[in-house]
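Notes follow once the structure below has been shown.
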Amino acid sequence: MKNNKIRSRKLQEENYDVAVVGGGHAAVEAALAAARAGAKTLMLTINLDHIAQMSCNPCIGGIAKGIVVREIDAMGGAMAAVADASRIQFRMLNRTKGPAVWSPREQCDKVCYQRAMKRVLEQTENLTIRQGMAMDFLVDETSSAVCGVTDQFGNKFHAKAVVMATGTFLHGKMHYGLQNFAGGRAGDPPSCEISVALKDKLKLKMGRLKTGTPPRLIKNSIDFSKMRVQESDESEEFFSCFPDDSIHPQTSNRNMPCHMTYTTAETAEFVKANLDKAPMYNGLIEGIGTRYCPSFEDKVVRFPDHERHLLYLEPEGEYTDEYYVNGISTSLPPEIQTAMLHTVPGLEHAEIARYAYAIEYDFVYPDELNRSLAIKKWKGLYHAGQINGTSGYEEAAVQGLIAGLNAARYAQGKSQIEPGRDEAYAGVLIDDLVTKEIVEPYRLFTSRAEYRLSLRQDNADFRLSEKAYNWGILPEYKYRQFKTYSDRCAELEEAFKAKHIPGGRSCWDLLKDCNGRFEAIDPAVIPLADLGYNGEDPLERRVLRQLVIRSHYEGYLRQEAIAVGHLRALESWQIPGELDYSTIPGLRNESRMKLKKVMPGTLAQASRIDGVTPAEIALLQVHIARLRKTQKDDV
């Protein structure tokens, strides 16, 4: 008789180049970038059905964030194309301002987005996806290297590099008024053991942050007649520059409206009367919340003179009746949430499908990182997303892409990629994280970029696609599409500059009169047909949009290029890692401490550390010059 009894099994051991821990927006782009770079990659996530879940708002993009999505797309990432496939509304924000700060935003069907992204992952070569919870790190103490992770079953996943992209799951705790529950988000468990390992085994400095989400309402309980409608833009634009036939459209209704209403004085009174039940105000929450996406309790307390606050009712998808209430994130008890909402015009009879809550979680202070997003103390360990103290899907995703790329390059013995502040918002974000003291969730704004005239949403491909192709993460077919587009831009720009109208002005100068706006181009003034322009071709229209913006900023960009030159001059001054700041006379003690803590790689980075003065940068420059001369003389 056959014995079917299974003896205790041998634990599984697998070998990879890169292991990515997590399944959110940072983890997705990290895994895709590592795999595209040629690394054998593992994604280990708690729930395969929740990959790329939109845990909060049902949209991609927004102010500055939309530019970041275009950068991800220009480097071969998936966020833009998947957002396009699942979009139910498109708007270009900041249209009343200059083109440099225009930012695309797409309302998405959350389920369709998640489903499409999971399919992209499943179809990616070099990528294995596994369900499991990371519990501990495999380390080589001798070389101070992280060599993989283990899961809850005891399986060992050996890897040359590990990317941690754990979102809000590290010791996650959700707060609903005076009640709290352990969880990474509603419906998912927290990840505690790996957080303990980060602190106790790897000895990383950790803190506690907080974020939150608003209630979701049932559509037929909302009176939209009392609200203002916000329709989609009439636009042929998409997030992605690269038409991708492999990602099929997931939605059929591409113009689902949002609606706007306002809170009332009575809404604020509910908050004031119940602050003792708000975890942020009664001491139950230890974590620090985000300044730029405050809870409704924070709005009432911090802005007592505001009689009302704007709310957006956003559909969560084409195939659901749930609506997201943007602007009223709260952690008040469920019964107070209901009563509070009933004071808002249009929501007098609103029914809550999912209650709002606050969530606090562990993070690792980003001064533990260098600009490649690698942990300084441990070789082969990279962090991306909310574990670094950032907020937002887009900020997480672009960190994931850079971390995944660098993890793959580390595994392959290649140099690290560190985008500059003059190259991408990704560079601004990462430099701010590792240089400035982060004590609250970091959010990206256009105002954080010194060179925002150069870092526009319309030129992300010109800034990054050639580089991404050379790094091996932009596929050949996308690179060919970019070259076709960029070559046509150069050809048509030359034609505009060569063609003059009676009176002596070039068509290029006439294009500048349009102030960067495509719709302002008058064919009666600029003879487009004589220039070989074919307005029936979508590519031609995209080329002309690019040229009208480029012409508008031409003079300004010359001035900005001078400032960029100064920055690059400072970036060329590398600071030796072993530099002893205590030996440099003239540095204040405060500056010595900050320089030792941040360990800047260049003089440019040192100049951005809070409290370090221009005079002290000059002292550093003199000292490094002497070191260079001494080393040269020794040779």
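Only the coordinates and a few stated rules stand behind these numbers; no lab work does. Source: prediction; values computed, not measured. As a convention, Cβ positions derive from the backbone with ideal geometry for all residues, glycine included, and neighbour counts pool all protein chains shown.
Close amide H pairs (under 5 Å, H built 1.01 Å from N) link A159 with Y16, G148, V149, residues at least 5 positions away or on another chain. Over region 360-506, one equal point on each Cα, no solvent: what is log10 I(q)/I(0) by the Debye formula at q = 0.21 Å⁻¹? Scattering profile of region 360-506, log10 relative to I(0): -1.33.
Only counting other Cβ atoms within 10 Å, I'd like S144, S551 sorted with the fewest neighbours first.
Ordered by Cβ neighbours within 10 Å, fewest first: S144, S551.
The label point for E519 and the one for M92, both projected 7 Å from the Cα toward the Cβ, are 0.9 nm apart. Taking 7 Å steps out from each Cα toward its Cβ at T338 and E141 produces label points 5.7 nm apart. Residues of region 39-79 with amide nitrogen under 18 Å from the 7 Å Cα-to-Cβ point of A353? Those under the cut-off are 50, 53-60.
Exposure proxy for R308, R421, R626, R87: other Cβ atoms within 10 Å of each Cβ, ordered fewest to most, give R626, R308, R421, R87.
Please give the net charge around R463, taking every other residue with its beta carbon less than 10 angstrom from that of R463, where Lys and Arg add +1 and Asp and Glu add -1.
So the surrounding residues net to -2.
May I ask for the percentage of alpha-carbon pairs in region 487-607 that lie more than 16 Å from each other? Result for the distance tail: 70 percent. Residue by residue, region 77-84 carries 3J(HN,Hα) couplings of x, 9, 4, 5, 5, 5, 4, 4 Hz when phi is fed to the Karplus relation 6.51 cos²θ - 1.76 cosθ + 1.60 (θ = phi - 60°); x denotes Gly or Pro.
Going by neighbour counts of Cβ atoms within 10 Å, the residues V439, V325 line up, fewest first, as V439, V325.
In terms of the mean number of neighbouring beta-carbon atoms within 10 Å, the peptides 510-518, 486-494, 49-57, 359-367 order highest first as 359-367, 49-57, 510-518, 486-494. At q = 0.05, 0.06, 0.09 Å⁻¹ the log10 of I(q)/I(0) for the chain amounts to -0.25, -0.36, -0.80, computed by Debye summation with a single uniform scatterer per C-alpha, solvent ignored. In region 216-357, taking the dipole from charged Cβ atoms about the Cα centre, the farthest positive-side position among P334, F242, I218 is held by P334. Computed from the alpha carbon atoms alone, the convex hull of region 168-243 holds 245 Å³ per residue. In order along region 164-174, phi translates into HN-Hα couplings of 9, 9, 9, x, 9, 8, 5, 6, x, 9, 9 Hz, rounded to whole numbers, per the Karplus curve 6.51 cos²θ - 1.76 cosθ + 1.60 with θ = phi - 60° and x for Gly and Pro. Look at the dipole of the chain built from charges on Cβ: of G62, L310, Y176, the Cα furthest out on the positive end belongs to Y176.
For D136, nonlocal amide neighbours, meaning residues 5 or more places apart or on other chains whose placed amide H falls under 5 Å from its own, are T150. Measuring between their Cα centroids, region 559-585 and region 78-122 lie 37 Å from each other. With the convex hull drawn around the C-alpha atoms of region 216-357, the volume per residue stands at 156 Å³. In plain terms, the bigger the Kirkwood radius, the slower the diffusion; for region 475-557, with that radius from Cα pairs, at 20 °C and 1.002 mPa s, Stokes-Einstein puts D at 162 µm²/s. Candidate cross-link partners of K597 among the lysines, defined by an alpha-carbon separation under 20 Å and a same-chain spacing of 8 or more, comprise K199, K203, K205, K376, K377, K379, K436. The charge dipole of region 475-557, taken about its Cα centre with unit charges on the Cβ atoms of Lys, Arg (+1), Asp and Glu (-1) only, comes to about 240 debye.
For region 572-634, the equivalent ellipsoid derived from the Cα gyration tensor has semi-axes of 19, 12, 11 Å, listed largest first. With a sphere of radius 12 Å drawn around the Cβ of H500, what net charge do the other residues whose Cβ falls strictly inside it have (Lys, Arg +1; Asp, Glu -1)? Summing Lys and Arg as +1 and Asp and Glu as -1 gives +1.
Hey, any idea what the orientation-averaged projected area of the convex hull of region 236-281's Cα atoms comes to, in nm²?
Here the figure is 7.2 nm², rounded to one decimal.
Across the chain, Cα pairs under 8 Å and at least six residues apart give a relative contact order of 17 percent. Working ranking of peptides 120-126, 258-264 by packing, defined as the average number of other Cβ atoms within 10 Å per residue, highest first, is 258-264, 120-126. Could you tally the net charge around L444, taking each other residue with its Cβ under 10 Å from the Cβ of L444, Lys/Arg +1 and Asp/Glu -1? That works out to 0.
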